[in-house]
Amino acid sequence: MGIGAFIALVVLLSRYQNKVVPQMGSVAGVGITLNTIVSILATVGRACMLLPVAECINQQKWLWFSGSPRALTHLDTFDQGSRGAFGSVIMLWTINIRNLGSVGALLLILGLAVDPLSQQLLHYEKRLEPGRGDIVYLTKVMEYNTDLFLSSETLYDASADDNETLSEPPQFMKSAIQAGIYAQSSGIPDLAPLCPTGNCTWPSYASLEVCVRWADVSSKLQRSVVPAAGLQKGQKGQVATWSLDNRTLISNSVENARLNVSNAAKLVNEVGGRPHIEFSGTSAFDDSPAPLAHFFVTYINGSNSVNKLDQPLDGISNLGWNFSAIEFMLEWCVQEYKAEVKSGVLTTTKLKTIKDFQPDDFGRLTVAMAYNRIYRVPNSSDVSLPNYLLKTFRGSVLAKWISAPTKTSDLAEVFHSKLKKKYLNTNYEVIGPEDADVRTAMVRIVENVATSMNIAMRQHNTTPNQEKGTVWEEQTFVKVRWGWIAAPVMLAGFSVLFVVATIIQSSGQARRGMVWKSSSVPTLLALNSDLHKAVGAPSSLSKTECVLRGAKVSLSQDKQGGWRLHGS
């Protein structure tokens, strides 16, 4: 039965190896776990294996006395050794270790380790497994169409030759652009998808978005110094200008410029045609089929490496300052992503950006993707949004003599805030910025604008598209550590060997009726009359042990053929 219990333990562990922890139900309101069943089987197996071992220890007692004379107190020693671990320790200490009964005592001691070691068989580990029944999705944009959001009121555009009116983007998009401008330096978090468990994955997907490109064009700036115009009588001086491809980006005059945002795009309203935005004057980007905004940010960089002999305007305009410039472009794109949510944190990885937009028969910008989807930007949206960006991405920051800087737009003020600066008395100066840090900060502003616009498009999508994903649930799996099975296996194996060895040893005496095991009756009858007289009647336990300690006996047959313990 003990071997059967251990076999059942192995079968049970094999059944649940690498499986989800089972729900075993309950008994009397108390839950039953896999550990409980393992403990029960290990305990039953240990008890069933050690019971015959205890019987064989008692049988070894008679084999022990059937040889040379032994101390009569060894009867009690064997009896204690068969009862448990403590008696087995005493037996190992007292009896010759070469006696086979000592092996049985050792097995009783080692049997105590079977229960705790069997609990080491089970190890539980957390894994993420696909859930069932839960729907998770993230939103993507297939078409940006703001016609449904446009109000009947349109704004008059003074630059239109035929006084046509132009619709503006919806309020949510204008709000998103402003939110991106004023976002913190850390950036704007992406729109959280629906993921109830906090662990979800999605296949690769694509969405219509606004992408950003930028380039440092400082090396292309051309500086020129010209006589100042519009001076009062008696004044003289010079003005420095910084230009790029015959386009003046910034110049120093009586109001010394510190930063300027200038557009490379303009609104064209041809007679008899539809208004459109014309993008020209690019320095670094001439390959965009669907631009939204194109502008330069020119800013004072704090260096002073030009000719110090330039003639200032009555000491007001410092022509020795240098400027840097960054070219930015916002454009439509289709961005491929790989997304996952792990422990509640969304991670998106950009895979590929596609910009192959072409107008369709209805004047819309379209692009075909590998996912067999068409991404569209209607013409009305493609004009209203660039026109708003054209008016937003412009402005300057100026510094008059002995005065703090003044701004002409909020956007220019935000860009200017990234410069390292200080006030000295009433004179405003820019001091030694690390140009790379300034570029990084300015690029982040534009990237925040694009991210905010993309989130707004997903939140206010007129044609909702949801990419379904896989929800992952954390489940507990059973991991069997088979090395710990050695304890019950060794106990079973050595117990069987011990029992078989005892049977073989006792086989000769069994024919003479000497298989008495743990019975106390043979002990009562074994002492012969001479030995009884020598040891006397039972007294206190201590006195009896003192009397018996010196008594040596051996088990042999008398003249009548009965087995007796004879003193020697």
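Taking the criterion of being in contact with a strand residue (DSSP E or B) (Cβ under 8 Å, 6 or more places away or on another chain) and part of a helix (DSSP H, G or I), the residues of segment 32-75 that qualify are L34, N35, V38, W62, W64, F65.
In segment 335-343 there is at least one residue matching the filter, namely being surrounded by fewer than 13 Cβ atoms within 10 Å (Cβ to Cβ) and at pLDDT 80 or above.
When segment 78-119 is filtered for residues that are buried (at least 22 other Cβ atoms within 10 Å of the Cβ) and of a type in the set (S, T, Y), the ones remaining, listed by number, are S82, S88, S118. When each of S175, S185 is tested for being closer than 19 Å to F415 by Cα, at pLDDT below 85 and small (G, A, S), the lone residue that passes is S185.
Remark: pairs (first residue in segment 41-69, farther than 14 Å from G4 by Cβ; second residue of a type in the set (F, W, Y) and surrounded by 23 or more Cβ atoms within 10 Å (Cβ to Cβ); Cβ separation under 8 Å; 6+ apart in sequence or on different chains) = I57/F78; N58/F78; Q60/F78; K61/F78; W64/F78. Whenever a residue of segment 171-182 is part of a helix (DSSP H, G or I), its partners that are of a type in the set (F, W, Y) and surrounded by fewer than 22 Cβ atoms within 10 Å (Cβ to Cβ), lying with C-beta atoms within less than 9 angstrom and at least six residues away or across chains, give the pairs Q171/F149; F172/F149; M173/F149; M173/Y388; K174/Y388; I177/Y388.
The values are calculated or read from the model by the stated rules, or taken from the named source; none is laboratory data. Given the structure is predicted, the values throughout are model-derived calculations rather than measurements. Positions of Cβ are backbone-derived with ideal geometry, glycine not excepted, and every protein chain shown enters the neighbour counts.
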